[in-house]
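See below for the structure under consideration.
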Amino acid sequence: MAAQFFNRIGQMGLGVALLGGVVNSALYNVDGGHRAVIFDRFTGIKEHVVGEGTHFFIPWVQRPIIFDIRSQPRNVPVITGSKDLQNVNITLRILYRPIPDELPKIYTILGQDYDERVLPSIAPEVLKAVVAQFDAGELITQREMVSQRVSQELTVRAKQFGFILDDISLTHLTFGREFTQAVEMKQVAQQEAEKARFVVEKAEQQKLASIISAEGDAAAADLLARSFGEAGDGLVELRRIEAAEDIAYQLSRSRGVAYLPSGQSTLLNLPSTLAQ
């Protein structure tokens, strides 16, 4: 009796284990930020998109295919030419994600690596078409406009393949060596031109100052000539008196100078023998 009882328990346990294995093999999980499409061996890809959670499927007959629908980054480097035929190196950074309802179509046409098939194709095409409408200088001064144009056209193209572009930005923009050297030479030439303009303006200011000084001297000479004509020798005599006063003032401040009245005999302190 005991042996039969344990035998039955063992059979039941084996049955439960087999049943649990079968049930477990018929379950699959869809994590957060993911979606699943079901491939059926008889009917193909089902149109219904499975959301997050735990779901059943028929083993061997059906197979779940999991897609990540969160935004993912991708850098696309492109070498293209501007409107003035300058080589431009641009790196385009894209944040993309698939449209959940379009997953069956995406898997049927493109597969799970849809981004590898589409983005390296449409991004350079759109970027080259937009950049070709701008000169090299405009690519720098109107970079925001270029980015907006690329974003608008690339979003339309990506939507045709069933996914969304959340953000598009130009993260790297450089030009060829020849253009860079030309820009540097232009900057040097502008600096030299500014320096030459400053030298010319300085010379013109000095010339103007010389002219003004000469005009002032001429006006002073003309005034002196008029004064001589009106006052005769009186003006000269006045200037002579003023000069004499100035000389006398300067001499009066000197210690070794003595004044003797004119027209008078003045005896110095001579010895008495000489006085007799």
Discussion item. If R₀ is 45 angstrom, what is the calculated FRET efficiency for the pair Glu194 and Arg157, using the beta carbon separation as r and rounding to 0.05?
Written reply: 0.45
Worksheet, complete the sentence: Taking placed amide H atoms and a strict 5 Å upper bound, the residues 5 or more places from Ile69 or on another chain that come that close are His34, Arg35
Worksheet item: Within the accessible area of the stretch 120-174, what % is carbon and sulfur when the probe is 1.4 Å and the other protein chains stay in place?
Response: 51
Worksheet item: Each residue of the stretch 48-64 in order: what ³J(HN,Hα) in whole Hz does its phi give by Karplus 6.51 cos²θ - 1.76 cosθ + 1.60, θ = phi - 60°, with x for Gly and Pro?
Response: 6, 9, 8, x, 6, x, 9, 9, 9, 8, 8, x, 6, 7, 10, 9, x
Practice prompt. Give me the number: length gained by fully extending Thr171 to Glu201, i.e. 0.36 nm times residue separation minus the C-alpha to C-alpha distance, one decimal in nm.
Written response: 6.4 nm
Practice prompt. Please calculate how many Å² of accessible area the stretch 72-175 carries per residue, with a 1.4 Å probe and no DNA, RNA or ligand atoms counted.
Written response: 52
Practice prompt. Counting only heavy atoms of the protein chains, get the accessible area per residue of the stretch 24-68 (1.4 Å probe) and round it to a whole Å² value.
Written response: 60
Worksheet, complete the sentence: Once amide hydrogens are built 1.01 Å from N within the peptide plane, the residues lying 5 or more places from Phe175 or on another chain with amide H under 5 Å from its amide H are Asn89
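Do the alpha carbons of any pairs in Lys46/Lys128; Lys105/Lys128; Lys83/Lys159; Lys83/Lys186 sit beyond 30 Å of each other, and which pairs?
Working: Lys46/Lys128 38 Å; Lys105/Lys128 28 Å; Lys83/Lys159 28 Å; Lys83/Lys186 20 Å.
In this structure, Lys46/Lys128 exceed 30 Å between Cα atoms.
The values are calculated or read from the model by the stated rules, or taken from the named source; none is laboratory data. Model, not experiment: these values are computed from the prediction. Cβ atoms come from the backbone with ideal geometry, glycine included; neighbour counts cover every protein chain shown. The protein model used for the area step is the full one, side chains on, heavy atoms only, and it has no ligands, DNA or RNA in it. Shrake-Rupley method; radii C 1.70, N 1.55, O 1.52, S 1.80 Å.
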